[in-house]
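Accompanying notes for the structure given below.
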Amino acid sequence: MIRVTAVHPGSIAEELGLIPGTELLSVNGRNLEDFLDWEFHTADEQFLLHVRQPSGEELEFEIERPLEEPMGVSLEPPRVRRCANRCDFCFVDGLPEGLREGLYIRDDDYRLSFRYGHFVTMTNLKPWDIKRIIEYRLSPLYISVHATDPVLRRYVLRNPLAPDIVELMRELAGHGIAFQTQVVMSPGVNDGAVLAQTLDDLYAMGDAVGGCSVVPVGLTEFSKHHLVREPTAEECRAAIELIDAKATQALRERGVQWAYGADELYNRAGVGLPPESSYGEFDQVENGVGAVRFLQRQVREEAPELTGWEGRKIGVVTGTAMGSLMPMVLEPLARATGAAIELIVVTNTLFGPSVTSAGLLPGAAIQASLTGRDDLDLVLIPGESVNDDGLFMDSMSFGSLCEAVPVEVRRSKVFSDALESPVAA
Ligand code: SF4
């Protein structure tokens, strides 16, 4: 059963009399458990829908509609599948106490991998899930491989029951499922020869694996530092060499880069980022792979359309990771808009300075950095630092930040999204 949370005005659902709280029970006799069932089974022009109204009344509807016309319901979010692992580098273990409950959930949900590109380990799948991935053709899936050696992978995940990931991926690939993959690189554990072998094994799976990124492990002040450490610059450079060797082979044989390093890997290595052209379709940009080159492209393509910013002063808040990289994005943005742009690099006061990602900045640290900044006309903060409920990691709301600082604040992911309308004169 899936509960309806909203009915869109003028939709088929409204016409049928569905209301928030209506339970969607089955389609063509198939019970519904989550949004995937709903989307898959209602993908026909005709179907039989069985619902239970909040009053308890059960109704059946024979639906006939053009495929392009959506039913018009919002569904309650699925209960997230929990992770079966205990990785030493787990971000959840690195959280301080006292944050909101939802942040302590270790999710590992293949449905969210398909829908939102979340990386999953596939260690909590039941045979029924595998059948479902195949039946619904949930592709591509985003897999945290870490190591293809099954014994070592179990060690990395701290899960003696983790299945052989190569075997599982091969089985799914045989049914047309494709993958994006990542390795979170933990020095002395899955770098060096292990990383080389992992890249080889994944590459050998052919077109089913669209690419593999290597992300250096990131720790907070509260992580298990006695068990895991962050890689040194030299270790990052060694990983880049392996990536480059595999990318050279892939370009020669398949015409794509295939192996990538996260921007953070280059940052830590003190090595320049690869050119924009090497990232292809930016398949893993949400994973911090090619994020800077992606922003540069967005600015090049969209900034010339932004008007009304000449002479304005804009502050751009970011974390320490992007502090040294951002100027190569902001300089062309300033040139195209005529605005004076100031980079405001904020240290993470919640997780400690080793956490450098802009998306994990607490509201309180951003607020502190903007104290007295009424000289600015506008401040852009990283869009990903605020969740769907408008909250920062420290549970400060975006609204509270806006009230507390003497300058207009906007959330931005690619700059142009926040600069379409100028600030009031
Ligand atoms: S897979 Fe590892 S890092 Fe991810 S949530 Fe589970 S324990 Fe944490």
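Things to note:
- Among the residues here, Thr349 qualifies as assigned to a loop (DSSP other than H, G, I, E, B), without any contact (Cβ under 8 Å) to a residue 40 or more places away in the chain, surrounded by fewer than 18 Cβ atoms within 10 Å (Cβ to Cβ) and of a type in the set (Ser, Thr, Tyr).
- Unique residue being without any contact (Cβ under 8 Å) to a residue 24 or more places away in the chain and either aliphatic (A, V, I, L, M) or part of a helix (DSSP H, G or I) (or both) when the list is Ala193, Ala238, Ala247: Ala193
- Candidates in the stretch 151-178 are the residues that are away from the ligand (no atom under 16 Å from the Cβ) and not in a loop (DSSP other than H, G, I, E, B); of these, the one that is surrounded by the most Cβ atoms within 10 Å (Cβ to Cβ) is Met169.
- Selected residue (criterion: surrounded by the fewest Cβ atoms within 10 Å (Cβ to Cβ)) from residues of the stretch 249-268 that are out of contact with any strand residue (DSSP E or B) (no Cβ under 8 Å at 6 or more places or on another chain) and within 25 Å of Leu325 (Cα to Cα): Tyr266
- Cβ-Cβ under 7 Å pairs, at least 6 apart or on other chains, the stretch 90-105 side within 21 Å of Ser144 (Cβ to Cβ) and free of Cβ contacts under 8 Å to residues at least 40 places away in the same chain, far side in a helix (DSSP H, G or I) and within 12 Å of the ligand (Cβ to nearest atom): Val92/Tyr104
Matching residues to (1) in contact with a helix residue (DSSP H, G or I) (Cβ under 6 Å, 6 or more places away or on another chain); (2) polar (S, T, N, Q); (3) in contact (Cβ under 8 Å) with a residue 60 or more places away in the chain; (4) not in a strand (DSSP E or B):
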residue	(1), (2), (3), (4)
Leu18	no, no, no, yes
Ser26	no, yes, no, no
Phe47	no, no, no, no
Leu59	no, no, no, no
Glu62	no, no, no, no
Leu67	no, no, no, yes
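- Residues satisfying the stated conditions in the stretch 93-145, i.e. out of contact with any helix residue (DSSP H, G or I) (no Cβ under 9 Å at 6 or more places or on another chain), within 15 Å of the ligand (Cβ to nearest atom) and part of a helix (DSSP H, G or I): Gly102, Leu103, Tyr104, Leu112, Ser113
- Pair list, Cβ < 8 Å and 6+ apart or interchain, from the stretch 289-300 residues that are under 16 Å from Val271 (Cα atoms) to residues that are of a type in the set (S, T, N, Q) and assigned to a loop (DSSP other than H, G, I, E, B): Gly290/Gln284
- Verdict on Phe415 being touching a strand residue (DSSP E or B) at 6+ places or on another chain (Cβ under 8 Å) and at positive phi: yes
Read-outs: derived from the displayed coordinates by stated rules, not from any lab. Model, not experiment: these values are computed from the prediction. Counting neighbours? That spans all protein chains shown, and the Cβs are built from the backbone with ideal geometry, glycine included.
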